[in-house]
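These notes concern the structure reproduced below.
The values are calculated or read from the model by the stated rules, or taken from the named source; none is laboratory data. Remember, it's a predicted structure, so these values are computed and weren't measured experimentally. Here the Cβ positions follow ideal geometry from the backbone for every residue, glycine too, while neighbour counts run over all protein chains shown.
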Amino acid sequence: MIILVPEGDRLRIDSWVMSCRVLNRTVEHAIGAWMMQFAGTHALPREFIATDKIAIVRDLYARIGFRLAASIASGHHEWWECDPIADTPPTYLVELRTDSWGQYNGHEKDRRDCDQRLSDGVPPTRARAA
């Protein structure tokens, strides 16, 4: 599950929850590519606080095309960012499907709908990998 929150001209990644059973099977790459497409021209910032429990995803954002914007506390607190226009989406070997709320079907209409929701101050719809 991913929660994207509109903040001005950005879509902040508020939450990203995945089962550890699908990690390193390119599902995270497909979701990263989906976020880039869904965001359109909106930057995607993400705060990451490293803990022992999430060590498995320590390099996740680097692997899916995000750039390290800032790091403090010996790398335990990081800010990652992605510019969907300038950055290259990751490659993947899985297919994403979403429920009716996600409305993902790879069409340009989805991005226009998201842009309209952002300009109206309405949060974008949620999407999940199936």
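Among the residues of the stretch 113-122, is there at least one that is modelled with pLDDT of 60 or more, under 21 Å from Pro6 (Cα atoms) and crowded, with 18+ Cβ neighbours inside 10 Å? Yes, the stretch 113-122 contains a residue that is modelled with pLDDT of 60 or more, under 21 Å from Pro6 (Cα atoms) and crowded, with 18+ Cβ neighbours inside 10 Å.
The selection criterion, being farther than 18 Å from Leu4 by Cα, in contact with a helix residue (DSSP H, G or I) (Cβ under 8 Å, 6 or more places away or on another chain) and at pLDDT below 85, does not hold for Thr26.
Scanning the stretch 23-36 for residues that are assigned to a loop (DSSP other than H, G, I, E, B) and buried (at least 16 other Cβ atoms within 10 Å of the Cβ) gives a single hit, Thr26. For the stretch 37-49, a residue qualifies if it is surrounded by fewer than 22 Cβ atoms within 10 Å (Cβ to Cβ), of a type outside the set (Val, Ile, Thr) and in contact (Cβ under 8 Å) with a residue 40 or more places away in the chain, and the qualifying residues are Gln37, Gly40, Ala43. Per this entry, Ser15 is not counted among residues that are assigned to a loop (DSSP other than H, G, I, E, B), among the small types (Gly, Ala, Ser) and either at pLDDT below 80 or surrounded by fewer than 16 Cβ atoms within 10 Å (Cβ to Cβ) (or both). In this structure, Ala62 qualifies as assigned to a helix (DSSP H, G or I) and under 17 Å from Asp87 (Cβ atoms).
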